[in-house]
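The values are calculated or read from the model by the stated rules, or taken from the named source; none is laboratory data. On a predicted model such as this, the values are computed, not experimentally measured, just so you know. Glycine also receives a Cβ, built like all others from the backbone with ideal geometry; neighbour counts cover every protein chain displayed. For accessibility, only protein heavy atoms count, side chains too; no ligands or nucleic acids. Shrake-Rupley method; radii C 1.70, N 1.55, O 1.52, S 1.80 Å.
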Amino acid sequence: MTALHAARGSALLAEFDAAGVLTASDVQVAQRLGRLADESDERVLLAVALTVRSTRHGSVVLDLADAATTTTPDDDDRELLDVAALSWPEVTQWSAACAASPLVRGGDGGAPLHLVGSRLWLDRYWRQEAQVAAELLARGSELPDDLDAAALESDLDSLFTAPEDADQRQATRVAATSRVSVIGGGPGTGKTTTIARLIAVLRRQRPQLRVALAAPTGKAAARLEEAVRSAAGTLTDVDRAGLATMSAATLHRLLGRRPGVASRFRHDRENRLPYDVVIVDECSMVSLTLMARLLEALPPATRLVLVGDPDQLASVEAGAVLGDLVEASPAAPSLRGSVAMLRNVRRYDAGGAIAALAQLVRDGRADDALAMLHAGSNSVSFYTAPDDEPVTGAALAVIRAQAGHEAEVIAAARAGDVEAALDALERHRMLCAHRAGPRGVRYWSDAIERWLAAADPQLAPRLDGRYAGQPLLVTSNDYENGLYNGDTGVVVEQGGDLVAAFRRGGVPAVLPLVRLSDVRPLHVMTVHRAQGSQFGEVTVLLPPAGSPLATRQTFYTAITRATTRVRVIGSDAAVLASIGTLAARATGLRDRLSGALGPS
């Protein structure tokens, strides 16, 4: 079915479909709902289709008042067009038409959409937002009373002895004395160290405390488990022994996924989780739906600790729960004081240039960040690449260096040195915002493959496409092999055959290639896919200034993947646009938490 055919019967839907703003699925949902409710007003059907589209792009709500200025073509690699020039309905009449439609919630409670002013929600997300807000506010209003305050302060004194640990100490206190709390901070601020010491503090007074560690992805869960188990510093032998047995799971595994059911789990309001404390890392990646399922499964007395970086990219699915909670907490009496931000960076290059650049980006200081990039340093470099021209010159040479990095991986893999091959793989990573197009992952992955083949006559893939030194990306969870979506590995030659090597908990695991399920060659990653990972050096190819992916969150997430060196490729305009543009993710949760929007 063509896009225009999908929109047949509505000139508005056809126009927006042909422009690439809507997909056939958006149109089909709107038309089906229109038929079920006997709604034929094409303005209302357009509003429904745009609301469906907005949830695919991560927003929970569509504001009709600014839809013409915030909507972009659905394909982020499509040639940019003037979306504002489309036939947008007049906002007041558009909102009135929607308010009068049987598709918008009425007294019977059965309509599929909600309208508040000019903002439109799908019923599912309206209910989830209301539930999440109610649960968070209720938890925030009740403080636990199971700890001795004097003993807590004494334990904090013993665990946090340096002046620079003050922020971690406060975060631990907040989480220990709250029913719901947030430990926020960027990379290198000590979030997992704080988690380990929090568990130690709680268990010193309540040794039998049942603690669950979780994260939205298997890769993040594995990193969390490794970090907590290996925690050291001021912990006692008893503390470390308890932490050494901790395990972490994905949120889906923690809740107990039910076969054939995508968004419901074994643990729910009728079958609560059996834990006293639930700590969730990388919460910026937790969607509204998953947070709703987690909250309803928590016993009322359970402490919930949400850990993450609210300045990073949000969940692939709809919602921005962590960011909403952090921003709303000062205005929500029951949540005030429940958010602790870690600002003291303990990682990155010795000169702190990456941390300084990250701070400028996070603060939106675009001119200062651009000046810093142009000035350069031992750990931050900038290479100019005009938006509307092919990448050439020094910028191209930097990208070609990725092939040089991979040559080191190939050499170690041919020698059968698993540790060296994996180490070389993680020393450098190239990141793109786009998947396709001249600034995308596929384009540059193909280019690197060609450069490698031209430079190395021995690089002859087998019939299955594998060769020693080929980097691999796991694209779905593989519980049987202990591999998770986003894990990276390398093909290594051993005993005259090829095997795949991955790191699990810091220890290499070698698997026969035939045991691998969903993997693909890895030369370049999207910024979103790299979220939660760390590399020695990172090369960032910025999207053009007019791209919908040129946002502050994308830029910040990309540069903070590096620990020793960042190379940024792009135009001055792309830098300024990226830092000056906050990712448009519309939700109502912030207003619900702060009281600006009613709970139902």
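Highlighted here are the strands (runs of 3 or more DSSP E) found entirely within the stretch 492-600 that include at least 1 residues which are open to solvent by less than 20 Å² (accessible area, probe 1.4 Å): 497-504, 507-512, 524-526, 535-541, 562-570.
Scanning the stretch 461-481 for residues that are within 17 Å of residue 406 (Cα to Cα), surrounded by 21 or more Cβ atoms within 10 Å (Cβ to Cβ) and modelled with pLDDT under 85 yields a count of 0. Can you find a residue in the stretch 416-426 that is in a helix (DSSP H, G or I) and β-branched (Val, Ile, Thr)? Yes, the stretch 416-426 has at least one match. Residues in the stretch 448-489 that are within 30 Å of residue 391 (Cα to Cα) and either touching a Cys at 6+ places or on another chain (Cβ under 9 Å) or among the hydrophobic types (A, V, I, L, M, F, W, C) (or both): 448, 451, 452, 453, 454, 455, 459, 460, 468, 472, 473, 474.
Is it true that residue 400 is open to solvent by 30 Å² or more (accessible area, probe 1.4 Å), modelled with pLDDT of 90 or more, among the basic types (Lys, Arg) and within 20 Å of residue 564 (Cα to Cα)? Here the answer is yes, as residue 400 does meet what is asked.
Residues in the stretch 26-60 that are among the polar types (S, T, N, Q) and touching a helix residue (DSSP H, G or I) at 6+ places or on another chain (Cβ under 8 Å) were compared, and the one that is farthest from residue 289 (Cα to Cα) is 40.
Filtering the stretch 364-397 to residues that are open to solvent by less than 40 Å² (accessible area, probe 1.4 Å) and part of a helix (DSSP H, G or I) leaves 366, 369, 370, 373, 395.
Among 585, 529, 515, 561, which is touching a helix residue (DSSP H, G or I) at 6+ places or on another chain (Cβ under 9 Å), charged (D, E, K, R), without any contact (Cβ under 8 Å) to a residue 60 or more places away in the chain and closer than 29 Å to residue 214 by Cα? Going through 585, 529, 515, 561 in turn, just one is touching a helix residue (DSSP H, G or I) at 6+ places or on another chain (Cβ under 9 Å), charged (D, E, K, R), without any contact (Cβ under 8 Å) to a residue 60 or more places away in the chain and closer than 29 Å to residue 214 by Cα: 529.
Residues are listed down the side, and each one gets a yes or a no for (1) open to solvent by less than 50 Å² (accessible area, probe 1.4 Å); (2) at pLDDT 95 or above; (3) closer than 22 Å to residue 191 by Cβ:
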{"site": "127", "(1), (2), (3)": "no, no, no"}
{"site": "141", "(1), (2), (3)": "no, no, no"}
{"site": "144", "(1), (2), (3)": "yes, no, yes"}
{"site": "148", "(1), (2), (3)": "no, no, no"}
{"site": "159", "(1), (2), (3)": "yes, no, yes"}
{"site": "166", "(1), (2), (3)": "no, no, yes"}
{"site": "175", "(1), (2), (3)": "yes, yes, yes"}
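Applying the criterion of at least 3 residues that are open to solvent by less than 30 Å² (accessible area, probe 1.4 Å), closer than 17 Å to residue 221 by Cβ and not hydroxyl-bearing (Ser, Thr, Tyr) to the strands (runs of 3 or more DSSP E) found wholly in the stretch 246-363 leaves 277-280, 303-308. Within the stretch 530-546, the presence of at least one residue that is touching a His at 6+ places or on another chain (Cβ under 7 Å) and farther than 14 Å from residue 429 by Cβ is confirmed.
Within the stretch 457-497, being touching a helix residue (DSSP H, G or I) at 6+ places or on another chain (Cβ under 7 Å) and under 12 Å from residue 410 (Cβ atoms) holds for 459, 468, 469, 471, 490, 491, 492, 493.
Inspect the stretch 441-449 for any residue being β-branched (Val, Ile, Thr), open to solvent by less than 20 Å² (accessible area, probe 1.4 Å), in contact (Cβ under 8 Å) with a residue 24 or more places away in the chain and under 30 Å from residue 571 (Cβ atoms) and give the result as yes or no. Yes - at least one qualifying residue is present in the stretch 441-449. Among the residues of the stretch 300-353, what is the count of those that are closer than 26 Å to residue 276 by Cβ and among the hydroxyl-bearing types (Ser, Thr, Tyr)? The number of residues fulfilling the criteria is 4. For the residues 566, 575, 538, the requirement of being in contact with a helix residue (DSSP H, G or I) (Cβ under 6 Å, 6 or more places away or on another chain), more than 28 Å from residue 69 (Cα to Cα), of a type outside the set (Ser, Thr, Tyr) and in contact (Cβ under 8 Å) with a residue 24 or more places away in the chain singles out 566.
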